[in-house]
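Undergrad: The structure is given below, and queries will be raised subsequently.
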Amino acid sequence: MKSKPINKSNLTNSNHLKRSLGLIVAALGFLLYVQTIGYSFVLDDASSIKQNRIVQEGIRGIGTLIHTPYRYGYWDKKDELYRPLSLIMFAVEWQFLPDSSTMFHFINVLLYCITGYLLFRLISRLFNNNLVIPFIASLLFIAHPVHTEVAAYIKSGDEILCFLFCIITINLILDYLITGRLSKLIFASITLFLALLAKETAITMILIIPMILFFFKEYNRSQFIKITGSLIIVTGVYLLMRANALGGIINTNEIASVDNILAASPDYLSRFSTAVYVLGKYLLLLTIPIHLSIDYSASEITILKGTDYRFLIALIIYLALFVYAIIRLRKKDVITFCILFYLITISVVSNLFVIIGTVMADRLLFIPSMGFCLLIAVLLTKLFQSNYSIKEGSSVRGFIGNNKRIFFATSLLLAFYSIKTWSRNPVWKDNNSLYIAGVNDAPNSSRSHYLYALYLLDNEAIPEQNPTHRNELFDETVNEFKASLDYYPKNFNDYLNHKITINNQDKQLLVETYKMIAITYRHKGDTANTNLYANKASAIEAIR
């Protein structure tokens, strides 16, 4: 997208305005999430921090974190994740302020705000003298309610670190194109490596960065070869480290279908249909971010057939987006860029190519949502025919005054986003509020009921001193555990007669649930049910 050149006399004013607008974006992020700084550790913060013995070694544990799987310090076995950078950050934080959830949340919010600021500065570089699009896109991104799981959830620091270092990488590559200094390219390679160590989704930068150059910048063949070559080399080094830590580049272990229903797909067509349907839900979540959830596992999402209308609608929408992008590619249409950015970054978590550990999660939209927010900003400027140029005044007031209509429309959308985000944050306050929200938001989710039952047993039922209320809590706990079993086939004997096959991960979860029900009945003093569910657990465990 070609932009009008900025008059040299306006450069100083332009830089001052950019800093001011960027700080507004960062300040909005802080205001939206400042309430989360006092929140507790929740959910997987236990496996990544609170109960991770390597992280709790502080700086001494960094060497181990670099060459081991993500949950190595939580359990001594390999898992499918290799994301050492966020664990290293947690270890450093633990070194200086151990067990301080306030510090961890503050760092998370701070990094989120910095990401918003740098994102605005990056988009400003791509659009040159058009600050309207970067400002709107960055405001929408920082306020979008779908990001509450990232900003308010400490463990999701891996998402923030990944995108933050991706943004820095792109900025450094743009510096390299301008200055020709090899040091810029070297630093870009280092920051991309850090992004990959934060989360594997940074691998999409192999396609995103060349695409940015194609759409927005001029370069020669030599520069392009050096840039792409450095990206490939860095990615290769990362993949070798990943393979060493996990025993393979891609997770080949069984995935519990409770966590990702696609693992139970009877054939590729049903897996493909369900995955595309989930992609449709992602678009709906970006467009109308009302029904957010901490969990979308079985049976909140079920396997679809290839004839299901929900799959067909999602497929038509995605095909339309893809066809439009291909047709307009040569014209370097910025809408095409937004579409391709979204499609490329969502692809690695789409379950279309590799089944990942979850079928769907709000946090997985963190990077792809940038394409959506940028698209909305571009469409708004087309709708209101906003003036791209920077006026003679450099003040924020003057900038907004020159674009009143578009910023009024943006403020309405921003108000909705902000109210939804602020009201959603308390869900992440502690495990109690989180698990209650999980059951309410995803009433069909086996995992949500299981987690809430565990919380009730350990934190409310067992400590309760009043015998009557204690028994009521035990009954509620049992009901929640049994609700989590609704996902599994009802005829218990079908397991024993091998009429139903069950993978090891699902079997382990089923056994754990039966054991927890038995433990609950034991605390209640119900011997008959204690023995019944203990025997069920033993019987399932014995299946080979």
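The values are calculated or read from the model by the stated rules, or taken from the named source; none is laboratory data. Quantities reported herein were computed from a predicted structural model and do not represent experimental measurements. Quick reminder, even Gly has a Cβ in these numbers, built from the backbone with ideal geometry, and neighbours come from all protein chains shown.
Undergrad: Restrict the check to segment 391-399 and report whether at least one residue is among the polar types (S, T, N, Q), in contact with a His (Cβ under 6 Å, 6 or more places away or on another chain), modelled with pLDDT under 95 and assigned by TED's automatic domain parsing to the domain that holds R71.
TA: Filtering segment 391-399 for residues among the polar types (S, T, N, Q) gives 394-395.
Narrowing the set further to residues that are in contact with a His (Cβ under 6 Å, 6 or more places away or on another chain) leaves 394.
Next, from what is left, pick out any that are modelled with pLDDT under 95: 394.
Remaining after also requiring assigned by TED's automatic domain parsing to the domain that holds R71: 394.
Within segment 391-399, one or more residues are among the polar types (S, T, N, Q), in contact with a His (Cβ under 6 Å, 6 or more places away or on another chain), modelled with pLDDT under 95 and assigned by TED's automatic domain parsing to the domain that holds R71.
Undergrad: Which of the residues spanning segment 186-195 are farther than 16 Å from F163 by Cβ and either crowded, with 17+ Cβ neighbours inside 10 Å or touching a His at 6+ places or on another chain (Cβ under 7 Å) (or both)?
TA: Matches in segment 186-195: F187, S189.
Undergrad: Of the residues Y219, Y268, Y277, Y318, which single one is in the same structural domain as T345 (by TED's automatic domain parsing), closer than 25 Å to E80 by Cα and in contact (Cβ under 8 Å) with a residue 24 or more places away in the chain? Steps first, answer last, please.
TA: Details: Y219 fails: closer than 25 Å to E80 by Cα; Y268 fails: in contact (Cβ under 8 Å) with a residue 24 or more places away in the chain; Y318 fails: closer than 25 Å to E80 by Cα.
The match here is Y277.
Undergrad: Just the residues that are farther than 23 Å from F127 by Cβ, crowded, with 19+ Cβ neighbours inside 10 Å and not acidic (D, E), please, taken from segment 196-216.
TA: Quick first cut of segment 196-216, residues farther than 23 Å from F127 by Cβ only: 196-203, 206.
Now narrow it down to the ones that are crowded, with 19+ Cβ neighbours inside 10 Å: 196-202.
Within segment 196-216, L196, L197, A198, K199, T201, A202 qualify.
Undergrad: Against the definition (part of a helix (DSSP H, G or I), touching a Leu at 6+ places or on another chain (Cβ under 7 Å) and hydroxyl-bearing (S, T, Y)), how does S124 come out, yes or no? Walk me through it before giving the result.
TA: On the way: part of a helix (DSSP H, G or I): yes; touching a Leu at 6+ places or on another chain (Cβ under 7 Å): yes; hydroxyl-bearing (S, T, Y): yes.
Considered against the rule, which asks whether it is part of a helix (DSSP H, G or I), touching a Leu at 6+ places or on another chain (Cβ under 7 Å) and hydroxyl-bearing (S, T, Y), S124 comes out as yes.
Undergrad: Right, next: Only residues in segment 349-376 that are under 21 Å from F165 (Cα atoms) count as the first member; pair them with residues that are β-branched (V, I, T), Cβ under 6 angstrom, at least 6 apart or cross-chain, and list the lot.
TA: D362/V146; R363/V150; L364/V349; L365/V146; F366/V150; I367/T345; P368/T345; P368/I346
Undergrad: Would segment 481-488 turn up any residue that is assigned to a helix (DSSP H, G or I), surrounded by 15 or more Cβ atoms within 10 Å (Cβ to Cβ), assigned by TED's automatic domain parsing to the domain that holds N529 and free of Cβ contacts under 8 Å to residues at least 24 places away in the same chain? Steps first, please.
TA: Restricting attention to segment 481-488, the residues satisfying the condition of being assigned to a helix (DSSP H, G or I) are 481-487.
Subsequent filtering for residues that are surrounded by 15 or more Cβ atoms within 10 Å (Cβ to Cβ) retains 481, 483-485, 487.
Still in the list and also assigned by TED's automatic domain parsing to the domain that holds N529: 481, 483-485, 487.
Filter once more, so that each one left must be free of Cβ contacts under 8 Å to residues at least 24 places away in the same chain: none.
No, segment 481-488 has no match at all.
Undergrad: Right, something else. If you go through segment 457-468, how many residues are in a helix (DSSP H, G or I) and touching a helix residue (DSSP H, G or I) at 6+ places or on another chain (Cβ under 8 Å)? Walk me through how you get there before you give the answer.
TA: Here is the first cut: in segment 457-468, the residues in a helix (DSSP H, G or I) are 457-461, 467-468.
If we keep only those that are touching a helix residue (DSSP H, G or I) at 6+ places or on another chain (Cβ under 8 Å) too, we end up with 457, 459-461.
Residues flagged as in a helix (DSSP H, G or I) and touching a helix residue (DSSP H, G or I) at 6+ places or on another chain (Cβ under 8 Å) within segment 457-468 amount to 4.
Undergrad: Give segment 296-314 a look and list any residue that's touching a residue at least 40 places away in the same chain (Cβ under 8 Å) and in contact with a helix residue (DSSP H, G or I) (Cβ under 6 Å, 6 or more places away or on another chain), or say none. Even if it seems obvious, please write down each step before you answer.
TA: Here is the first cut: in segment 296-314, the residues touching a residue at least 40 places away in the same chain (Cβ under 8 Å) are 296-303.
Selection gives S297, A298, S299, I301, I303.
Undergrad: Which one is nearest to D506 (Cα to Cα), of the residues in segment 347-369 that are in contact with a Leu (Cβ under 7 Å, 6 or more places away or on another chain) and not in a loop (DSSP other than H, G, I, E, B)?
TA: As a first pass, look at segment 347-369 and keep what is in contact with a Leu (Cβ under 7 Å, 6 or more places away or on another chain): 349-351, 355, 359, 362, 365, 369.
In the following step, the residues that additionally are not in a loop (DSSP other than H, G, I, E, B) were identified as 362, 365, 369.
Details: D362: 23, L365: 27, S369: 32 Å.
Only one residue tops the list, namely D362.
Undergrad: With F165, F141 as the choices, which residue is under 30 Å from A437 (Cα atoms), among the hydrophobic types (A, V, I, L, M, F, W, C) and within 23 Å of the chain's Cα centre (by Cα)? So that I can check it myself, show each step before the final result.
TA: Details: F165 fails: under 30 Å from A437 (Cα atoms).
One residue alone meets the criteria, F141.
Undergrad: While we're on this one: Go through segment 222-239 and give me each residue that's free of Cβ contacts under 8 Å to residues at least 40 places away in the same chain and of a type outside the set (S, T, N, Q).
TA: F224, I225, G229, I232, G236, L239
Undergrad: Still on this structure: Of all residues being over 24 Å from the mean Cα position of the chain (by Cα) and without any contact (Cβ under 8 Å) to a residue 12 or more places away in the chain in segment 13-65, which is surrounded by the most Cβ atoms within 10 Å (Cβ to Cβ)? Just the residue, please.
TA: Of everything passing the filter in segment 13-65, T64 is surrounded by the most Cβ atoms within 10 Å (Cβ to Cβ).
A quick yes/no check of all residues on (1) at pLDDT 95 or above; (2) assigned by TED's automatic domain parsing to the domain that holds A198; (3) part of a loop (DSSP other than H, G, I, E, B):
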position	(1), (2), (3)
T64	no, yes, no
G73	no, yes, yes
L87	yes, yes, no
P98	no, yes, yes
L110	yes, yes, no
I114	yes, yes, no
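Undergrad: Which residues, taken from segment 262-289, are of a type outside the set (S, T, Y) and within 21 Å of F141 (Cα to Cα)? Break it down stepwise before answering.
TA: Here is the first cut: in segment 262-289, the residues of a type outside the set (S, T, Y) are 262-264, 266-267, 269, 271-272, 275-276, 278-281, 283-286, 288-289.
Residues satisfying the conditions are L279, G280, K281, L283, L284, L285, L286, I288, P289.
Undergrad: Kindly indicate the residue of segment 400-417 that is of a type in the set (S, T, N, Q) and within 16 Å of L139 (Cβ to Cβ) and also modelled with the lowest pLDDT among those meeting that condition. Spell out the reasoning first.
TA: If we filter segment 400-417 for residues that are of a type in the set (S, T, N, Q), which is where we start, we get 402-403, 410-411.
Okay, now just the ones that are also within 16 Å of L139 (Cβ to Cβ), so 403, 410-411.
On the way: N403: 85, T410: 94, S411: 94.
Per the criteria, the residue is N403.
A quick yes/no check of all residues on (1) at pLDDT 95 or above; (2) in a helix (DSSP H, G or I); (3) in contact with a Cys (Cβ under 8 Å, 6 or more places away or on another chain):
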| residue | (1), (2), (3) |
| --- | --- |
| M1 | no, no, no |
| K4 | no, no, no |
| N10 | no, yes, no |
| S20 | no, yes, no |
| G29 | yes, yes, yes |
| T36 | yes, yes, no |
| S40 | yes, no, no |
| S47 | no, yes, no |
| N52 | no, no, no |
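Undergrad: Before we move on, is D333 at pLDDT below 95, assigned by TED's automatic domain parsing to the domain that holds N128, crowded, with 16+ Cβ neighbours inside 10 Å and closer than 20 Å to L380 by Cβ? Let's see the steps before the verdict.
TA: Working: at pLDDT below 95: yes; assigned by TED's automatic domain parsing to the domain that holds N128: yes; crowded, with 16+ Cβ neighbours inside 10 Å: yes; closer than 20 Å to L380 by Cβ: yes.
So D333 fits the description; yes.
Undergrad: Before we move on, is A518 crowded, with 17+ Cβ neighbours inside 10 Å, in contact with a Lys or Arg (Cβ under 9 Å, 6 or more places away or on another chain) and either at pLDDT 80 or above or not assigned by TED's automatic domain parsing to the domain that holds N260 (or both)?
TA: Working: crowded, with 17+ Cβ neighbours inside 10 Å: yes; in contact with a Lys or Arg (Cβ under 9 Å, 6 or more places away or on another chain): yes; either at pLDDT 80 or above or not assigned by TED's automatic domain parsing to the domain that holds N260 (or both): yes.
So A518 passes the test.
Undergrad: What is the one condition in (1) surrounded by fewer than 20 Cβ atoms within 10 Å (Cβ to Cβ); (2) within 23 Å of the chain's Cα centre (by Cα); (3) of a type in the set (G, A, S) that S183 does not satisfy?
TA: (2)
Undergrad: Mind telling me which of the residues L454, L412, L434 ends up being assigned to a helix (DSSP H, G or I), more than 27 Å from V42 (Cα to Cα) and among the aliphatic types (A, V, I, L, M)? Lay out the reasoning, then the answer.
TA: Details: L454 fails: more than 27 Å from V42 (Cα to Cα); L434 fails: more than 27 Å from V42 (Cα to Cα).
L412 is the lone residue from the list that is assigned to a helix (DSSP H, G or I), more than 27 Å from V42 (Cα to Cα) and among the aliphatic types (A, V, I, L, M).
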